[in-house]
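Remarks on the structure that follows.
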Amino acid sequence: MNVKKLISIVAVAGIVIATILGTFVYFKAFTANTQFAQDEVFVYVPTDASYEEVKEMLSPLLKDIDKFDFVATSRNYATNIKSGKFLLKKNMTSFDIVRSLRLNVPVKVAFNNQETLGKLVQRLATQLEPDSLKLEVAFTNTPFLEENGLTEETVLALFIPNTYEFYWNTTAEKIAKKLSKEYRVFWNNERLEKAKAKNLTPIQVYILASIVHKETAKVDERPTVAGVYLNRLIQDMPLQADPTVIYAIKKRSGDFDQEIKRVFYNDLRINSPYNTYINKGLPPGPIAMPDVSAIDAVLNAENHDYIYFCANPDKPGYHAFASSYEAHQVNAKKYADWVSKLGINR
């Protein structure tokens, strides 16, 4: 066999081998390797997850886990696991899957109207990796509270209802730090000046706003309701806010899921610092997480001489306001008769 012929044979053999290898690699890396029916799914890789745990997690979603393993190993993913939330799309190749597992997808976290910190951290824990215990510790440790001028009773005032963006695997401490930063951004100079003009701190504004928020769902009525409570504070009158009594009942029982539609006379005597029928001034902390409209309603409260109000049966959802006790009694009787007629006992 002459040299030229040998070279030709070797060349052909090389081409065949290269073609076989190329086909093998292409088949492993660049053919569709998903088997889920949805257009896309999210995969959550916990912090410190091992490669074997990731494979176990992906196995039900992929046609051939060995194809993924081949690409993941060759592209050094197996030794460099990323934790977080990752997007997989239908018909992705193993190559695309490995690439996606390196692109942490941000999570939009929303919260509003939570009555307690416990309720809030439970909600956050359903959207992010840290569990509710880690989150509660991050929000209530002494250095964090002192740094933000908060106590365990007022810590809920830190949270401004909104939609925030986090990575799913963000630590509880970083979540707390970001939300405290958002709190300071919210309380800009304009809002601080308005609070100061009413002789209120931001936390006091938040506490009063939580009462206004619970008192009426009608955004256009909130400045009027806020004005009533501010008038009562100025005149050193107890706020006598039913939502604070309802909160006191729930706090005493530990059941914040119960629904209380009616407050009775005996309820007004419940021994609690949150009961504004027996205690003057604001309660020691928020009774809910008010939305921004309630906070701004306090800061932009309506100027009037009302010091009483009760639900208005002629205008469901709204209230009847009064400047005198006599006028209020007329309104209150009308409402009580209406409630009794409906048979609402609690």
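The values are calculated or read from the model by the stated rules, or taken from the named source; none is laboratory data. Being a predicted model, the structure only gives us computed values, none of them experimental. Using ideal geometry, Cβ is built from the backbone for each residue, glycine included, and neighbour counts are taken over all protein chains shown.
Can you name the residue in segment 41-54 that is outside any helix (DSSP H, G or I) and either among the charged types (D, E, K, R) or over 29 Å from the mean Cα position of the chain (by Cα) (or both) and is also surrounded by the most Cβ atoms within 10 Å (Cβ to Cβ) among such residues? It comes out as S50. Before we move on, is E165 without any contact (Cβ under 8 Å) to a residue 60 or more places away in the chain and closer than 28 Å to V45 by Cβ? The answer is yes for E165.
Look at segment 191-212: where a residue is at pLDDT below 95 and surrounded by fewer than 16 Cβ atoms within 10 Å (Cβ to Cβ), no partner that is among the acidic types (D, E) and part of a helix (DSSP H, G or I) sits 6+ places away or on another chain with Cβ atoms under 6 Å. Counting only residues that are under 16 Å from A311 (Cβ atoms) and buried (at least 18 other Cβ atoms within 10 Å of the Cβ), segment 245-262 holds 2 of them.
Here's the yes/no breakdown for (1) within 30 Å of A217 (Cβ to Cβ); (2) outside the structural domain of S180 (by TED's automatic domain parsing):
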site	(1), (2)
A49	no, yes
D66	no, yes
T73	no, yes
L117	yes, no
Q127	yes, no
V137	no, no
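Do we have V212 as closer than 15 Å to A294 by Cβ and aliphatic (A, V, I, L, M) here? Considered against the rule, which asks whether it is closer than 15 Å to A294 by Cβ and aliphatic (A, V, I, L, M), V212 comes out as yes.
For (1) farther than 28 Å from Y44 by Cα; (2) of a type in the set (F, W, Y); (3) touching a Ser or Thr at 6+ places or on another chain (Cβ under 7 Å), each residue gets a yes or a no:
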site: V107; (1), (2), (3): no, no, no
site: L124; (1), (2), (3): no, no, no
site: N148; (1), (2), (3): yes, no, yes
site: T151; (1), (2), (3): yes, no, no
site: T170; (1), (2), (3): no, no, no
site: N188; (1), (2), (3): yes, no, no
site: K196; (1), (2), (3): yes, no, no
site: I207; (1), (2), (3): yes, no, no
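Within segment 246-275, the residues that satisfy the criterion of being hydrophobic (A, V, I, L, M, F, W, C) and over 10 Å from I287 (Cβ atoms) are I249, F256, I260, V263, F264, L268, I270. Consider segment 130-155 and keep the residues that are surrounded by 18 or more Cβ atoms within 10 Å (Cβ to Cβ) and either more than 18 Å from the chain's Cα centre (by Cα) or β-branched (V, I, T) (or both). The one that is nearest to T244 (Cα to Cα) is T154.
Among the residues making up segment 225-265, a single one is within 26 Å of S324 (Cα to Cα), assigned to a loop (DSSP other than H, G, I, E, B) and aromatic (F, W, Y): F264.
Restricting the first member to segment 304-327 and to residues that are farther than 15 Å from P243 by Cα, and the second to residues that are surrounded by fewer than 12 Cβ atoms within 10 Å (Cβ to Cβ) and of a type in the set (S, T, N, Q), the beta-carbon pairs closer than 8 Å and six or more apart or on different chains are I307/Q235.
Would you say V298 is under 24 Å from the mean Cα position of the chain (by Cα), under 10 Å from L230 (Cα atoms) and in the same structural domain as T216 (by TED's automatic domain parsing)? It is true that V298 is under 24 Å from the mean Cα position of the chain (by Cα), under 10 Å from L230 (Cα atoms) and in the same structural domain as T216 (by TED's automatic domain parsing).
Applying the condition of being part of a helix (DSSP H, G or I) and of a type in the set (F, W, Y) to segment 175-209 and asking which residue is farthest from P130 (Cα to Cα) yields Y206.
Taken across segment 177-188, residues that are at pLDDT 95 or above, hydrophobic (A, V, I, L, M, F, W, C), buried (at least 19 other Cβ atoms within 10 Å of the Cβ) and out of contact with any Phe, Trp or Tyr (no Cβ under 9 Å at 6 or more places or on another chain) do not occur at all. For segment 162-174, the criterion of a residue being part of a helix (DSSP H, G or I), farther than 19 Å from P286 by Cα, basic (K, R) and at pLDDT 95 or above is satisfied by at least one position.
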